[in-house]
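Engineer: Here it is: the structure, laid out below.
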Amino acid sequence: MVKQNTKLKVGASFFALAFFMLVTKNFLFFGFYVMAVLLHEVAHQKTAKKLGYKTTCIRLSAFGAVLYGKFDDVTFADEIKIALAGPLVNLCMAICTIALWWCFPSFYPVTQPFYLANVCIFAVNLLPCYPLDGGRVLFAFLGKKTGFKKAKKLFSLVGVILSFVFFGLFLCLLFGGVVNLTFGLFGLFLFLSATDVQNVRVYQRVVGLSIDKKRLVRGVEVKTIALHCDNKLSCLAKYCCKNVLFNVQVVDDCNKILSVFGFDEIDDLLLNYPPDTKLKQID
């Protein structure tokens, strides 16, 4: 299911969880859960690739699976498409399983764990917590309004708070004599993700200086364009392509050059400023 350019890596915690599920005689559910998780992440990977983003690996752990890569810039619309692709695939799998039961009722006992796994993954990933998919959509929205640096700081704080909430639930149940590893592992996952949110870069847009080295050896054309200062920063995204590098001159009503952005600066501008920022507002 995973392309050669996106590797599948398995962490030690995954094997520990697999052993625990085997000992507790829940290995059938665990197998269906892993299948549902991989379908979820492959949906992210396929959507990202179709939109022009590069991914490096899918890593399996006790917390689930995460699609990794190097993140350069991602548009608001693309972030939503990539984030929602995973949960939508799980929802489709759950619906298909129900349809299978309708046609072949005898399959119900065998496929029920697969249905439950897809429903759980669909519901959990819609929570507005980064790096869950619901959190990514909200992160993209806030990034568009405030800039991604501020959005990262906010989500880091929110993630830490929510991680303590789940740890609290885990401890409360533990003191009541109930061991719920789900809350404990999920709280740990949110905490680790929140404390590393400043460094996590998941998608790399194939633009600008990420041009293939073979193309650079042959030579790449560099063009200069002039844009009016009232244009929004988002208009620069369309000048990020794999075959041509663009320098941008910002001009006023009298065609006077106010500022110049090199092709190596465009990616940073798109990352650090809200897309609706006017070019004349950028220092």
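The values are calculated or read from the model by the stated rules, or taken from the named source; none is laboratory data. If you're wondering where the values come from, they're calculated on a predicted model, not measured in any experiment. With ideal geometry, Cβ positions are generated from the backbone for all residues, glycine too; neighbour counts draw on all protein chains shown.
Engineer: Among the residues of the stretch 116-169, write down those that are under 16 Å from the mean Cα position of the chain (by Cα), surrounded by fewer than 16 Cβ atoms within 10 Å (Cβ to Cβ) and aromatic (Phe, Trp, Tyr).
Structural biologist: Matches in the stretch 116-169: Phe141 only.
Engineer: Does the stretch 22-50 hold any residues that are farther than 29 Å from Val110 by Cβ and buried (at least 18 other Cβ atoms within 10 Å of the Cβ), and which are they? Let's see the steps before the verdict.
Structural biologist: Going through the stretch 22-50, the residues farther than 29 Å from Val110 by Cβ turn out to be 47-50.
If the condition is that a residue be farther than 29 Å from Val110 by Cβ and buried (at least 18 other Cβ atoms within 10 Å of the Cβ), then Thr47, Ala48 are the ones that fit.
Engineer: For the stretch 101-115, state whether one or more residues are closer than 19 Å to Val42 by Cα, surrounded by 20 or more Cβ atoms within 10 Å (Cβ to Cβ) and modelled with pLDDT of 90 or more.
Structural biologist: Taking the stretch 101-115 and keeping what is closer than 19 Å to Val42 by Cα, we get 114-115.
Now narrow it down to the ones that are surrounded by 20 or more Cβ atoms within 10 Å (Cβ to Cβ): 114-115.
Filter again for modelled with pLDDT of 90 or more, leaving 114-115.
Yes, the stretch 101-115 has at least one match.
Engineer: Do any helices (runs of 4 or more DSSP H) lying entirely in the stretch 175-277 carry at least 2 residues that are surrounded by 15 or more Cβ atoms within 10 Å (Cβ to Cβ) and modelled with pLDDT under 70, and which ones are they? So that I can check it myself, show each step before the final result.
Structural biologist: Details: elements: 181-195, 213-218, 266-272.
Passing ranges, in order: 266-272.
Engineer: Can Gly11 be described as surrounded by fewer than 18 Cβ atoms within 10 Å (Cβ to Cβ), at pLDDT 80 or above and out of contact with any helix residue (DSSP H, G or I) (no Cβ under 9 Å at 6 or more places or on another chain)?
Structural biologist: On the way: surrounded by fewer than 18 Cβ atoms within 10 Å (Cβ to Cβ): yes; at pLDDT 80 or above: yes; out of contact with any helix residue (DSSP H, G or I) (no Cβ under 9 Å at 6 or more places or on another chain): yes.
Yes.
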